[in-house]
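Read the figures in this text as sums done on the coordinates, not as results from a lab. Everything quoted here is computed from the prediction, not taken from an experiment. For neighbour counting, all protein chains shown are included, and Cβ atoms are generated from backbone atoms with ideal geometry for every residue, glycine included.
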Amino acid sequence: MEIEFSFLVSLWKNYNNASSILTKAIGGTANEVGEFAELLAGKYFLAEQLSASNKSADLITKDGKLIQVKSRKVDYLKSTFLDVIRSWDFDILVVILFSKDGNIIKAIHIEADIAKSLSKENKHQNGYILTTSNELLGHNKSTDITNELQNILNSNMVEKYDSNKDKIKIKEKQNKVIDKIIKNNVSDKIIIKNITIRDFDSKDEILQDYIKRVLHILFDNNLIPKAEISNLQDINYCKRTFYLFYPLLEIDKNKLNDDNDLPRYWKKELFGKKYYGCKEWWKQNVEIYYVKFNKWLKYLAEINA
């Protein structure tokens with residue numbers, strides 16, 4: 001528990017540091033989600049941000065159209081209340097729903113007068129309330145821009161995983177972290193039923209390569225009990241065990257992409273001839289993943305003893 005708590009402390013500090021930096025970078029307010037949504041919508045519409053003194057709109061396009069942006073961060077696509085709208089003195093309403101990992105679950109824009117017709121007046125709050133219901137998000141006069149905004153996010157990522165040059169950069173960063181862990185008395189190998197699993201090789205692998213190599217060894221030698229294979233297809237188990245936000249294994253080809261059609265699994269190789277493996281081992285969490293994955297391997301060694 002001491003090691004895991006140290007990771008929680010590290011996450012807590014990194015989270016607060018990143019939150020503070022983000023807040024300062026996007027304008028200094030505490031509403032990071034709302035501020036970032038405005039920046040993202042501005043990129044899409046090629047619009048300029050208005051000052052906070054403008055109470056009706058957040059953006060203005062080159063042709064003078066005023067845009068108000070409403071956003072939320074949610075677990076999944078669901079109906080939730082947006083912030084109260086006290087003035088309809090704008091032309092376009094943009095609604096953006098972010099997932100917990102910062103991707104786009106749903107995004108639309110709609111004419112202000114249509115949005116107003118779908119809202120309900122709330123005299124107590126002196127404004128109008130809109131919810132992210134299907135009536136709004138699926139309205140035949142709304143324009144879905146989910147993929148367009150997600151593409152903007154993807155194209156502006158600092159590091160991508162699809163080139164050898166970037167893969168080398170990622171590997172170098174991961175190696176520094178993992179080499180430090182290995183030096184701190186972490187075993188350089190794990191033995192399960194007389195099968196030796198070589199530890200992460202920082203010279204030849206990034207973490208994802210290590211995960212794939214080990215999974216192939218485990219399946220090829222029948223080292224994962226059926227009950228555990230079932231656990232590895234459960235998202236809650238995988239969150240607790242690996243800090244993943246998707247099941248480690250997936251058997252259904254139709255579930256390899258998320259609701260935004262983003263690939264979350266390796267599609268070109270199978271483990272145990274029928275399972276796809278989750279590829280969402282993010283570089284910022286490499287230390288957590290490494291220790292948790294190896295802790296799970298030691299658990300396999302115990303139950304196979």
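Okay, here's what the table says:
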{"item": "From phi via Karplus (6.51, -1.76, 1.60), per-residue ³J(HN,Hα) for segment 235-248 in Hz, x at Gly/Pro", "result": "5, 5, 4, 6, 5, 5, 7, 10, 6, 8, 10, 9, x, 5"}
{"item": "In segment 24-92, the chymotrypsin sites (Phe, Trp or Tyr not before Pro) that fall in loop regions by DSSP, at most 13 other Cβ within 10 Å", "result": "76"}
{"item": "At most 13 other Cβ within 10 Å, DSSP loop - trypsin sites (Lys or Arg not before Pro), segment 59-131", "result": "62, 78, 86, 100, 123"}
{"item": "Between segment 54-90 and segment 190-257, the Cα center-to-center distance that results, in Å", "result": "43"}
{"item": "FRET E, pair residue 56, residue 140, Förster distance 22 Å, beta-carbon r, rounded to 0.05", "result": "0.30"}
{"item": "Order of 12, 282 under a 10 Å beta carbon neighbour criterion, fewest first", "result": "12, 282"}
